[in-house]
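Participant: If you scroll down you'll find the structure; I have some questions about it.
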Amino acid sequence: MYDTSSAGHIPAGSEPLESALRELFEELGISADGTQLEYAGLFRIRYEKTFHGKIFRDNEVSSVYVYREPVDAESLTLQASEVDEVRWFDMEAVWEEIQRDRSRFCVPTEDLNLLREYLKGKSEWLRE
């Protein structure tokens with residue numbers, strides 16, 4: 001399944017931006033600095049479901065950042081234990097698909113909606 005491009009948990013004592021930069025490097029090999037990530041917002045996920053016959057509880061707060069630098073998917077260094085491949089998808093097409101079918105994307109609805117709303121306020125990016 002496809003998920004967000006880079007994600008991870010924040011270790012105790014760390015800050016969200018520091019963790020975002022670390023995960024971007026670990027999972028995709030992108031060495032960025034704090035000025036290259038724009039904070040888009042945060043959302044909360046809280047649910048309990050049965051997963052492979054056992055109760056799974058998810059209770060997290062996620063910070064979302066946007067990396068706007070050009071990225072060539074072919075030149076990325078993927079963390080083999082977490083990333084099989086990188087593909088680009090049209091965000092609105094993904095949004096529409098996850099409303100009716102969750103078999104291909106596991107990105108949280110709240111995450112994608114936050115990003116959609118954030119980018120609406122950045123209409124100058126759409127003209128580039």
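The values are calculated or read from the model by the stated rules, or taken from the named source; none is laboratory data. All values reported here derive from a predicted model rather than from experimental measurement. Positions of Cβ are backbone-derived with ideal geometry, glycine not excepted, and every protein chain shown enters the neighbour counts.
Participant: So, Tyr39, is that one of a type in the set (Phe, Trp, Tyr) and either at pLDDT below 90 or more than 19 Å from Asp111 (Cβ to Cβ) (or both) or not?
Facilitator: No: the conditions fail for Tyr39.
Participant: Shifting gears a bit: Kindly check whether there is at least one residue in segment 95-102 that is in a strand (DSSP E or B) and surrounded by 11 or more Cβ atoms within 10 Å (Cβ to Cβ).
Facilitator: no
Participant: When the residues of segment 69-94 are narrowed to those that are outside any loop (DSSP other than H, G, I, E, B) and not acidic (Asp, Glu), which ends up surrounded by the most Cβ atoms within 10 Å (Cβ to Cβ)?
Facilitator: The qualifying residue surrounded by the most Cβ atoms within 10 Å (Cβ to Cβ) is Val94.
Participant: Any idea which of Phe105, Phe51 is among the aromatic types (Phe, Trp, Tyr), within 23 Å of Met1 (Cβ to Cβ) and more than 13 Å from the chain's Cα centre (by Cα)?
Facilitator: From the options Phe105, Phe51, the qualifying one is Phe51.
Participant: Take segment 78-93 and flag every residue that is touching a residue at least 40 places away in the same chain (Cβ under 8 Å) and of a type outside the set (Asp, Glu).
Facilitator: Leu78, Gln79, Val83, Val86, Arg87, Phe89 - these are the residues of segment 78-93 that are touching a residue at least 40 places away in the same chain (Cβ under 8 Å) and of a type outside the set (Asp, Glu).
Participant: Could you run through segment 2-48 and say how many residues are crowded, with 16+ Cβ neighbours inside 10 Å, part of a helix (DSSP H, G or I) and of a type in the set (A, V, I, L, M, F, W, C)?
Facilitator: Summing the residues that are crowded, with 16+ Cβ neighbours inside 10 Å, part of a helix (DSSP H, G or I) and of a type in the set (A, V, I, L, M, F, W, C) in segment 2-48 gives 4.
Participant: Something else: Hey, any hits in segment 76-89 for a residue that's within 14 Å of the chain's Cα centre (by Cα) and over 15 Å from Leu28 (Cα atoms)?
Facilitator: Yes: one or more hits.
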